[in-house]
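Undergrad: A single structure is presented below for examination.
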Amino acid sequence: MIEMQDVSKKYPNGIIAVNGLDILINQGEFVYVVGPSGAGKTTFIKMVYREESPTSGKIIVNGVDISKLKNREVPYLRRNIGVVFQDFKLLPTLTVFENVAFAMEVTEHHPKEIKRRVMEVLALVGLKHKVRMLPSELSGGEQQRVSIARSIVNRPQVVIADEPTGNLDPETSWEIMNLLEEINAQGTTVIMATHNREVVNTIKHRVVAIENGIIVRDEQQGEYGYES
Ligand code: ADP
Ligand code: ADP
């Protein structure tokens, strides 16, 4: 469960990106975060995995107030949250296998267990045959599949995706959405910031619209609600 109570974020340059946000997201929900560019979607999302800290307010993730988390405690939170980015953020010198294995806590698993789990998630995203390739040898859709495999390898309770289809053509976008749907069907909470009107209006889920750092709409089975 994720809860924000009166959360605000003011950047050092004075911009208030998020302004008094209250939200409750239950385990297993699928939430689209929509809104114009500069609305505060990315800031909202970054605060959930503590890439940014709020200036004020409380953020509770699975019972822990993460605004009070010490930096050395952040890895424990991250283990329970997978993150998928628009530009994939794969490590270019590592193979597909290594990119996913790297996300596992190497000290805590037997190498055999790492290999088994990495192959399991790569099979899940349909890339078992490309484990030895480098990211540069893959299409955009394949790279996003690798990043999805990386995001779920530690069996997180939450997967956060910031415009995961933003760099992909429509057909590939639907494939990536199907994967996120499967992950959600397993009970994982999915929070996805998106500008993809077609996707939001077709695969219906909760829609939270943010404008000027404020939630202006929060609907179950909502619509995208913007023209483009
Ligand atoms: P969105 O994801 O909806 O486009 P962002 O959360 O990226 O919105 O940005 C919200 C506002 O905060 C914008 O005005 C943006 O310019 C500003 N902003 C975002 N990141 C930073 C940062 N690191 N430093 C200063 N201002 C930022
Ligand atoms: P830092 O604390 O310097 O951000 P990390 O190793 O925590 O270093 O993160 C490196 C990059 O990986 C960052 O861009 C971060 O957002 C991303 N990241 C962190 N945790 C995850 C995760 N569970 N899944 C995917 N990407 C992640």
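Undergrad: Expressed as a rounded percentage, what relative contact order does the chain have, with Cα pairs under 8 Å and six or more residues apart?
TA: Averaging sequence separation for qualifying contacts and normalising by length gives 28 percent for the chain.
Undergrad: Right, here's the next one. Under a cut-off of 14 Å between alpha-carbon atoms, report the aspartates and glutamates in cross-link reach of Lys89, not counting same-chain residues fewer than 8 places apart.
TA: Glu98, Glu142, Asp162, Glu163
Undergrad: Which lysines does Lys115 reach when only Cα atoms under 18 Å apart count, and residues fewer than 8 places away in its own chain are ignored?
TA: Lys128, Lys130
Undergrad: Please compute the Kirkwood hydrodynamic radius over segment 144-228, one decimal place, Å, based on all pairs of different Cα atoms.
TA: Evaluated on segment 144-228, it is 13.6 Å.
Undergrad: For segment 51-109, which GluC sites (Glu not before Pro) are both in a DSSP coil and crowded by at most 12 other Cβ atoms within 10 Å?
TA: Within segment 51-109, the qualifying GluC sites (Glu not before Pro) (loop, at most 12 other Cβ atoms within 10 Å) are Glu105.
Undergrad: Select from segment 2-87 those trypsin sites (Lys or Arg not before Pro) which occupy a DSSP coil region and have at most 12 other Cβ atoms within 10 Å, ordered by residue number.
TA: Lys70
Undergrad: Please report the base-10 log of the normalised intensity I(q)/I(0) for the chain, using a Debye sum with one equal scatterer per alpha carbon and no solvent, at each q in 0.16, 0.17, 0.18 (1/Å).
TA: Listed by q, the Debye log ratios stand at -1.14, -1.26, -1.37.
Undergrad: Carbon and sulfur together cover what percent of the accessible area of the chain at a 1.4 Å probe radius?
TA: Its accessible area is 50 percent carbon and sulfur atoms.
The values are calculated or read from the model by the stated rules, or taken from the named source; none is laboratory data. Quantities reported herein were computed from a predicted structural model and do not represent experimental measurements. For neighbour counting, all protein chains shown are included, and Cβ atoms are generated from backbone atoms with ideal geometry for every residue, glycine included. Heads up: the accessible areas ignore ligands, DNA and RNA and are worked out on the full protein's heavy atoms, side chains in. Shrake-Rupley method; radii C 1.70, N 1.55, O 1.52, S 1.80 Å.
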